[in-house]
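Just below is one structure, and these are the notes that go with it.
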Amino acid sequence: MADRDQQNNSDRGSGSGAPGMGGRPRLALWIYLAIFMAIMVHIFLFVGAQTPNEIEYSTFLEYIDEGYVEKVVVVNDTRVDGTYTAEAVSSGKVRLGPPRQDLFGSEGEQAQNTFTTTKPADHELITYLMDHNTEAAASGDDVVGFDADQQENWFGGLLTRLFPLAII
């Protein structure tokens, strides 16, 4: 009698997965949920994000010459993110973007005084900014702060590492 009860209990398994499947369906469900969540995070963070005020590169260079740009960050030597001076924004001399909204639709604390543009491959922006700052400092004008930033596409790198494992 005790042997029969023990056999019935062992047939029930540990409760993971369907009977006779050894827990595989639950593991597959977790994998699908993880992939779904990764895709949703990607959509919310990258695809659904509003682009900042995008301006032409020639307009950007004009704004630098006029003294309307306070700071510039060159990202991956292709994209240029910048900040207008407070004076240029208050006087309406620059084109401002729409108010930014965060993930939940409310307007964030970020100011509208930022812009972005795409740098052509054949233009040496850092040299241009250094020359501009030298001239601006000599004439007593404000200089443009600049920095460079290398950003890695972590999602693409993650996919290239996980895709072979997913195939196995």
Take A28 and decide whether it is within 27 Å of the chain's Cα centre (by Cα) and at pLDDT 75 or above.
no
Just for the stretch 72-97: of the residues that are assigned to a loop (DSSP other than H, G, I, E, B) and closer than 11 Å to F115 by Cα, which one is modelled with the lowest pLDDT?
G97
Consider only pairs whose beta carbons are under 8 Å apart and that are at least six residues apart or on different chains; among these, list those whose first residue lies in the stretch 77-94 and is basic (K, R) and whose second residue is buried (at least 16 other Cβ atoms within 10 Å of the Cβ).
R79/T116; R79/T117; R79/K119; K93/Y68
Considering only the stretch 108-116, I want to know if a residue exists there that is among the acidic types (D, E), in a strand (DSSP E or B) and at pLDDT below 65.
no
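Report yes if T127 is part of a helix (DSSP H, G or I) and at pLDDT 90 or above, otherwise no.
It is true that T127 is part of a helix (DSSP H, G or I) and at pLDDT 90 or above.
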If a residue must be of a type in the set (A, V, I, L, M, F, W, C), loosely packed, with under 10 Cβ neighbours inside 10 Å and farther than 22 Å from N53 by Cα, how many such residues does the stretch 116-156 contain?
2
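The values are calculated or read from the model by the stated rules, or taken from the named source; none is laboratory data. These numbers were taken from a predicted model, which means no experiment stands behind them. So basically every Cβ, Gly included, is an ideal-geometry build from the backbone, and we count neighbours across all protein chains shown.
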